[in-house]
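Notes to accompany the following structure.
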Amino acid sequence: MRRARRSRTILALAAAGLAAAVVYAPAAAAPDKALAPIPAATLALMAAKGTNAAAPLVLRSYKKEAEIEVWKRNAQGRFVYIKTFPICRWSGQLGPKMYPGDRQTPEGVYDIPKTQMNPNSHYYLSFDTGFPNAYDRAHGYEGSAVMVHGTCSSMGCFAMTDAVVGELYAIARDALAGGQPAFQLQAYPFHMSAKNMALYRADPAIDFWRQLKEGSDRFESTGEILRWSVVAGRYAFAPSPDPAKEAAAKAFHAAEQAKIAQLVADGAAAVRTTYADGGQNAIFAAMLRKGASLGTVSRPEALAYAAIDVTLVPARHRRRPPRLEVAVADWRPEHAPAPPPPAAASWRRRRRSRWGPAR
């Protein structure tokens, strides 16, 4: 279900007219931009999933696909998918942010309280991701002011365009106003599928990504916000208080690990995806080709060299065991009746009956 939803993301967004909605709009055109309501169409999506604007929020970002997903908690207490926003620009490579000026957009789990919302941003509207978090600090990573913001220029941030960040800001604002102490941003390098984990198994960041995979699996199987800490320099995710959900989380993660192992055994290739300086969602790339104005676009020349796969382990095909060729005429089931006597014997009997004894 999750794969089908993601595979139709770009087509669904285009069909909904998002391409017309994400054009650059100067901040001066919207003096009350921080108070703008959530669009009615988005509220309708929430209502259809049994949730509302005041319900708790989780955002899930994917750098390779250049997307941010919106998830809201429904009346049954489970987070459900609402919609996907395209990212206009992110910078750097796949992998974590480590130090100021590395142009890396962060990866990890970040909890964002109201104090990190910025209605007076130079980039229309913004909220601070909270980088570095406890995991980042445990590894000596440094940096500050790593934002989700407007326009289309990134030096380590998620640049969304003004129109898109306006809606994201409103969704986050209303969740915080509804009583959520902090909404969560789960920042991933790519969709954390078994196929992708097998594909990137030889990347230098794979150990870190396996930690994020555990959290991603837990969220998707339980529908609960991640409760996490850092133990011995690694992400540690708290078990669900619901025994049934905890059992489901363990079973789902084990099944995913089995899928990864099978893909590797079947000869899946391993690659590293490289970028001149980050990437951009295909919707915005198409808009730029048509001459749309998205505000300031950082390093547009680098986009021609985005998402280039370098093969680290070539794909191989498993050798099938040789087929056992069995001649049909020579095979008969066990306990089958014996074959009839040879035709020659019958001919001899016929000869005796017609012309006397055989000579």
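Values quoted throughout were computed directly from the atomic coordinates according to the rules given, and no laboratory measurement underlies them. The structure presented is a predicted model; accordingly, all values stated were derived computationally and were not measured. Cβ sites come from the backbone with ideal geometry, for glycine too, and all protein chains shown count toward neighbours.
Per-residue packing, averaged as other Cβ atoms within 10 Å, sorts the ranges 125-132, 267-274, 207-214 into the order 125-132, 207-214, 267-274, beginning with the highest.
Peptides 304-317, 227-240 ranked from most to least packed, by the mean per-residue count of other Cβ atoms within 10 Å: 227-240, 304-317. The packing ranking, built from the mean of other Cβ atoms within 10 Å per residue, places the peptides 111-121, 241-251 in the order 111-121, 241-251, highest first. Of the cross-linked pairs Lys114/Lys245; Lys33/Lys83; Lys49/Lys114; Lys33/Lys213; Lys213/Lys245; Lys195/Lys250, those separated by over 27 Å at the C-alpha level are Lys114/Lys245; Lys33/Lys213. For the stretch 59-74, backbone phi angles converted through the Karplus equation (6.51, -1.76, 1.60; θ = phi - 60°) give residue-by-residue couplings of 9, 10, 10, 9, 5, 4, 7, 6, 9, 10, 8, 10, 10, 10, 7, 8 Hz, Gly and Pro being listed as x.
Using only Cα atoms, what Kirkwood radius does the stretch 2-313 have, in angstroms? That comes to 19.9 Å for the stretch 2-313.
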